[in-house]
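Okay, so here's the structure we're looking at.
The values are calculated or read from the model by the stated rules, or taken from the named source; none is laboratory data. What you are looking at is a predicted structure, and each value in this text was computed from that prediction instead of being measured. Note: ideal-geometry Cβ built from the backbone for every residue, glycine included; neighbour counts use all protein chains shown.
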Amino acid sequence: MSQKNLYLENRKVLRVSGLNCIDFLNNILTNDFSKLTPFETRPSALLSPQGRILYDILVSLDFSNYSEEKSILIEYDFFCENELIKKLNMYNLRKEVKFEKTNYYVFVSINSKSAENSLRDKRFINTNINLNRIYYKNKPVNIINKSCTSNWYNLIRYKNCVPEGTQEIEINATLPLEINLDLLGGISFEKGCFIGQEVTARIKYKGLVKRKYVPVHFKNKNFSFSNLDKIDNKILLKTQNIGEVIALSLDKENDIWYGIAKIKLSQLYLFEEDFTLDCDFCGSKVKINFPNYMLPLPRKI
């Protein structure tokens, strides 16, 4: 695995400032901003009133002014930039909070000493991976590997079931508990209300989630694709359709495909009880490896 810092072209950073920016964000987003500490980034999301994910984001304290009035950095998928800022401004009724696009370039690294302002990605706190995000004001050309792709980063995410961005999380259709946002530390059920909180809490405490994102892997030397939308992404258990593949990446060293699939929870109980069980995808035998943080699977109350 390359130790070089990897530039993520599709990720951008927004600065949120103002006297009441912490309270404002706490009232609309899923995480508790009062508990953020320096040099870390945590997942969060802006939900619809119906509890569906509109935008998944990463949030951190602004490292440029730790000692002054707090401001917040929000990392997001560039694809939804205009819509995200428009939605935040819609909730900013008194205009006491300011949103500013930054010129930060987003990098990820598994080298904790790669930069002075490295932010520990708390989504991986339950793993043995020390993955950090770095926001540079200027693109540091000397550490960019032009032949490097996002392969190693995607492999880490997929093995630990950490989806990211609009290509993996369908806008206004996916529940935060489906992508395990609660288990990844992205939802606070103690801080009080946020948009979509009532629906999310009811699903959480009554065990009403019907599908879950899970990590999958398989071997198939003849399998290749340029776009997942162009292939049949259904996953079968015998002849029954139990879910679909969301994303895939190839571990070239071991010739293994790793990915994330969305599977019916009622079927996942079978895999929880029997780790040797496999399913079928495009003629390949697929294994599900639950990260420890996902077990035991939730039951309906």
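Observations on the structure shown:
- Residue in region 85-96 that is modelled with pLDDT under 95, basic (Lys, Arg) and in contact with a Cys (Cβ under 8 Å, 6 or more places away or on another chain) present: no
- Filtered residue count, region 108-151, keeping only those that are modelled with pLDDT of 75 or more, out of contact with any helix residue (DSSP H, G or I) (no Cβ under 7 Å at 6 or more places or on another chain) and either buried (at least 18 other Cβ atoms within 10 Å of the Cβ) or of a type in the set (A, V, I, L, M) (or both): 14
- All of (1) modelled with pLDDT of 95 or more; (2) within 19 Å of the chain's Cα centre (by Cα) hold for Ala247 with one exception: (1).
- Being surrounded by 14 or more Cβ atoms within 10 Å (Cβ to Cβ), touching a helix residue (DSSP H, G or I) at 6+ places or on another chain (Cβ under 8 Å) and among the polar types (S, T, N, Q) is a condition met by at least one residue of region 85-99.
- Number of residues in region 155-175 that are crowded, with 17+ Cβ neighbours inside 10 Å and out of contact with any helix residue (DSSP H, G or I) (no Cβ under 6 Å at 6 or more places or on another chain) equals 14.
- Residue list for region 253-280, restricted to those being in contact (Cβ under 8 Å) with a residue 40 or more places away in the chain and out of contact with any Leu (no Cβ under 7 Å at 6 or more places or on another chain): Ile260, Ala261, Lys262, Ile263, Lys264, Ser266
- Restricting Tyr293, Tyr258, Tyr205 to those that are surrounded by 21 or more Cβ atoms within 10 Å (Cβ to Cβ), within 27 Å of Ile125 (Cβ to Cβ) and of a type in the set (Ser, Thr, Tyr) reduces the list to Tyr258.
- Within region 55-82, considering residues that are among the charged types (D, E, K, R) and surrounded by 15 or more Cβ atoms within 10 Å (Cβ to Cβ), the one modelled with the lowest pLDDT: Lys70
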